[in-house]
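A short write-up of the structure that comes next.
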Amino acid sequence: MAKIIYTNTDEAPMLATYSFKPIVEAFASTAGVDVETRDISLAGRIISQFPDFLTEDQQEADA
């Protein structure tokens, strides 16, 4: 099955990113395409570099 990787950003584009995601998911689901979300924000990238200091549910993979 095809897959779209939808990225979360930080700062000003975040509002547009979060408001547009349901629209993308609706169109993708009718086409049989999965939508996977990845966090590419600066905070997400920093958190992914320090997994030793976080609990397992706080850890994130680097996008």
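Across the range 3-20, what is the number of residues that are assigned to a strand (DSSP E or B) and farther than 12 Å from Ser41 by Cα?
Initially, the range 3-20 is screened for residues assigned to a strand (DSSP E or B), giving 3-8.
After this cut, where a residue has to be farther than 12 Å from Ser41 by Cα as well, the list is 3-6.
Going through the range 3-20 one residue at a time, the tally reaches 4.
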Scan the range 31-43 and tell me whether some residue there is assigned to a helix (DSSP H, G or I), in contact with a strand residue (DSSP E or B) (Cβ under 6 Å, 6 or more places away or on another chain) and of a type outside the set (Lys, Arg). no
What residue, among those in the range 1-20 that are surrounded by 12 or more Cβ atoms within 10 Å (Cβ to Cβ) and within 10 Å of the chain's Cα centre (by Cα), is farthest from Glu60 (Cα to Cα)? Thr17
When the range 29-53 is checked residue by residue, the ones that are loosely packed, with under 13 Cβ neighbours inside 10 Å, farther than 22 Å from Ile4 by Cα and either basic (Lys, Arg) or in contact (Cβ under 8 Å) with a residue 12 or more places away in the chain (or both) are Ala43, Gln49
Does Glu56 fit the bill of being acidic (Asp, Glu), surrounded by fewer than 11 Cβ atoms within 10 Å (Cβ to Cβ), in a loop (DSSP other than H, G, I, E, B) and free of Cβ contacts under 8 Å to residues at least 40 places away in the same chain? yes
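Bear in mind these aren't lab numbers, they're just calculated from the coordinates by the rules spelled out. Worth saying up front: this structure is predicted, and the values here are computed from it rather than measured. Every residue, glycine among them, receives a Cβ derived from its backbone with ideal geometry; neighbour counts consider all protein chains shown.
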